[in-house]
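All of the numbers you see were taken from the coordinates with simple rules; none came from a lab. Computed from a predicted structure; not experimentally measured. So basically every Cβ, Gly included, is an ideal-geometry build from the backbone, and we count neighbours across all protein chains shown.
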Amino acid sequence: MKFKTHENLPVEIVALLCDHGHDAISVVDQQLAGATDNIIAKVCQSEQRVFMTLDLDFADIRDYPPEEYSGIIVIRPKLQTISAIIRLAEQVVRLLESSSPVGQLWVVDNFHVRIRPA
């Protein structure tokens, strides 16, 4: 599966995804750091990449309807430490073994994964 990670996620997330057989790149790798949310969303659409972020704006289905994307995953750790974010990303990787985020919004926190289907 193809992923793009937001600049607000630790760089280790790209490596974690790649280590589990996914094609992952960050917005920083593509010189998109500082780009608006709309630009990043359009790039993800054109590249057919699942977008992973801490930015709750991407959980607004009025602005980012899940069915128009290859998937949006919003990580919401209780504490925004690198280790807490990586733990939640590891939870996502495990979920990817049995589920696909295509056309869905996943909001992942310390207690559960909420999935908004298309």
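Here are the numbers for this structure:
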{"item": "Residue within region 74-82 that is surrounded by 15 or more Cβ atoms within 10 Å (Cβ to Cβ), under 19 Å from ARG116 (Cβ atoms) and in contact (Cβ under 8 Å) with a residue 60 or more places away in the chain present", "result": "yes"}
{"item": "Candidates MET1, MET52, filtered to the one that is in contact (Cβ under 8 Å) with a residue 60 or more places away in the chain and closer than 19 Å to PRO117 by Cβ", "result": "MET1"}
{"item": "Those residues of region 52-73 which are crowded, with 20+ Cβ neighbours inside 10 Å, out of contact with any Ser or Thr (no Cβ under 8 Å at 6 or more places or on another chain) and not in a loop (DSSP other than H, G, I, E, B), in sequence order", "result": "PHE58, PRO66"}
{"item": "Subset of region 8-48 that is among the small types (Gly, Ala, Ser) and either touching a residue at least 24 places away in the same chain (Cβ under 8 Å) or under 21 Å from ILE82 (Cβ atoms) (or both) - its residue that is surrounded by the fewest Cβ atoms within 10 Å (Cβ to Cβ)", "result": "GLY34"}
{"item": "Residue ID - surrounded by the most Cβ atoms within 10 Å (Cβ to Cβ), chosen from residues in region 93-118 that are under 14 Å from the mean Cα position of the chain (by Cα), over 16 Å from HIS6 (Cα atoms) and among the aliphatic types (A, V, I, L, M)", "result": "LEU96"}
{"item": "Residues being assigned to a helix (DSSP H, G or I) and either over 16 Å from GLU67 (Cα atoms) or more than 13 Å from the chain's Cα centre (by Cα) (or both) - total across region 31-44", "result": "6"}
{"item": "Number of the exception - LEU88 against (1) part of a loop (DSSP other than H, G, I, E, B); (2) under 13 Å from the mean Cα position of the chain (by Cα)", "result": "(1)"}
{"item": "Those residues of region 83-92 which are among the hydrophobic types (A, V, I, L, M, F, W, C) and surrounded by fewer than 16 Cβ atoms within 10 Å (Cβ to Cβ), in sequence order", "result": "ALA84"}
